[in-house]
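Written out below as structure tokens is the structure these notes cover.
The values are calculated or read from the model by the stated rules, or taken from the named source; none is laboratory data. If you're wondering where the values come from, they're calculated on a predicted model, not measured in any experiment. With ideal geometry, Cβ positions are generated from the backbone for all residues, glycine too; neighbour counts draw on all protein chains shown. Only protein heavy atoms, including side chains, enter the accessible area calculation; ligands, DNA and RNA are left aside. Shrake-Rupley method; radii C 1.70, N 1.55, O 1.52, S 1.80 Å.
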Amino acid sequence: VQLQACGGGLVQAGGSLRLSCATSGNIFRGAIMGWYRQVPGEQREFVANITRDNNDNYADSVKGRFIIAKNNARNTVYLQMNTLKPEDTAVYYCRATVSPQRDYWGQGTQVTVSS
């Protein structure tokens, strides 16, 4: 199973980036799609997810700044990140959870926010 995440990069504080993550339709249609992030030396943390019926959830640290959305025709989930802060700097990972036994992660994309 492949999850292709892309869209990371370097941006100044206050700027925006959009991450995207594509997978197969078989996985996408049945999965809760989520984004997580990890800073070196720290645990991976939840950022946002969107359920099969399009209910979205956010970590308090990104609520009001980040938006998660799906494009069903493209089997792709997006994370629109606005008003970025230096503390948002991390490697961002896409996750597709169909069941406890079918839980998949992408390879990660680096987001760096300069002050």
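Scanning region 6-19 turns up at least one residue that is at pLDDT 95 or above and under 10 Å from the mean Cα position of the chain (by Cα).
Filtering region 33-49 to residues that are open to solvent by less than 20 Å² (accessible area, probe 1.4 Å), without any contact (Cβ under 8 Å) to a residue 60 or more places away in the chain and among the small types (G, A, S) leaves only A48.
Taking region 87-115 as the range and being of a type in the set (S, T, Y), within 15 Å of A22 (Cα to Cα) and out of contact with any Cys (no Cβ under 8 Å at 6 or more places or on another chain) as the test, the residues that pass are Y92, Y93, T97, Y104.
So, in region 70-96, of the ones that are in contact with a Gly (Cβ under 7 Å, 6 or more places away or on another chain) and closer than 17 Å to I32 by Cα, which residue ends up most open to solvent (accessible area, probe 1.4 Å)? Top of the filtered list is R95. In this structure, does K63 turn out to be on the phi < 0 side of the Ramachandran plot, without any contact (Cβ under 8 Å) to a residue 40 or more places away in the chain and surrounded by fewer than 20 Cβ atoms within 10 Å (Cβ to Cβ)? In short, yes.
The conditions are (1) over 14 Å from Q2 (Cβ atoms); (2) at pLDDT 95 or above; (3) open to solvent by less than 50 Å² (accessible area, probe 1.4 Å), and G30 fails exactly one of them. Which is it? Condition (2) is where G30 drops out. Search region 50-60 for residues being within 14 Å of the chain's Cα centre (by Cα) and closer than 22 Å to V113 by Cα, and hand back the single one that is most open to solvent (accessible area, probe 1.4 Å). The selected residue is Y58.
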